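Asker: The structure follows.
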């Protein structure tokens, strides 16, 4: 007696136009062929060259009944979990780590504080999107309503700002206009930490830390960065308490930053900034000279190339806005290779039209330098000056004073979207494009270094890796086969 093995019919998933169907796979077998043809819910697809059917519990039940015990139906491939591609894969982590970002209260409305000139007196306007709860709170707290500006106002006093923080705690976030300067460090600390979700045991940044940074004339951007990273470090160990944290050795500092590296969530620059912020606390504030801070491990810097736009892409961005002021902003970023912080710090007197130069004061590293003043840009700036008539700063906000970096980013993103650029550039991409296009035009690297304000030529040499200069003269070996 000869044993005849049963044929097997394999059911596989078939994605098609956003839906999943079932396709049948089998070795040549007359029984399976006849059964498939006789089933009215199973069709032959000319597109996929196989039999297919809808994927549902009803069709599967009918298929099992139709084939009976004469055929083995295998569904191991039908129910197999989807394999993720590398871009959408998963990372195995060592669990939660104290370097994780602190939770923030993000669902609260924002009240913007903007200085206004009322007669001969400067006052602060409280501006926000319509919010009845905020209106009622400010009325209850006896804030003055100014009919002329259609907003609540308050005096320019530290005491008034402390009161506002108390009145709006848990109700709204307070945002300071860039033209409103706060000198009192405890007040700055409250403003910077108001958005954190103050869980039990929350450790605030020590006042002495900020005082030391201001005393040594660190830039405000650096102070804010150091503050946020130290607060993250302190609260990552809040179970130990501040009294024990100040006694940490380099081993605990190493362990914390090693976890940041292993999490694969933070950039090389952020981890290095965190190391510097924590080192500053132990060395310059606590005076812990016995801690070998020079032994704190630093991650290896990844070699990444800057994003660069082609000349046609730059032209699309520069021409995307019909607003003259916005167009001048975009032209400045590209024409002189400026950072957005350098653009907002430009004063009218910094445009040296007689020498075709722009004077940039207090750039990165508190360095002054000059850069190119394009004739096309100069023509646009003259038109802009006649129309907008700025008083002190070259670009001023809606209520006077300096333009803000956030406003520049908003304008740039709008231009990118309108221009149809899909590579997700940032305003700094125009600076990279400026340097690369100069290099491709044959400009000496030393001159580009000077225009960009780089201390080291090694920083500028990164652009030699992305330029297409002279590449058209090199022939691929494939073309010679």
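The values are calculated or read from the model by the stated rules, or taken from the named source; none is laboratory data. Note that the structure is a prediction, hence the values are computed from the model and not measured. Every residue, glycine as well, gets a Cβ built from its backbone with ideal geometry; the counts of neighbours run over all protein chains shown.
Asker: Here are 358, 377: which of them is touching a residue at least 40 places away in the same chain (Cβ under 8 Å) and either in a helix (DSSP H, G or I) or within 19 Å of residue 428 (Cα to Cα) (or both)?
Answerer: Criteria check complete, one pass: 377.
Asker: Another question about this same structure. It is to be established whether one or more residues within the range 201-211 are at pLDDT 85 or above and closer than 16 Å to residue 99 by Cβ.
Answerer: yes
Asker: Let me ask something else about it. Please report, ordered by residue number, the strands (runs of 3 or more DSSP E) entirely within the range 117-232 with at least 2 residues that are surrounded by 11 or more Cβ atoms within 10 Å (Cβ to Cβ) and touching a residue at least 12 places away in the same chain (Cβ under 8 Å).
Answerer: 121-127, 151-155, 173-176
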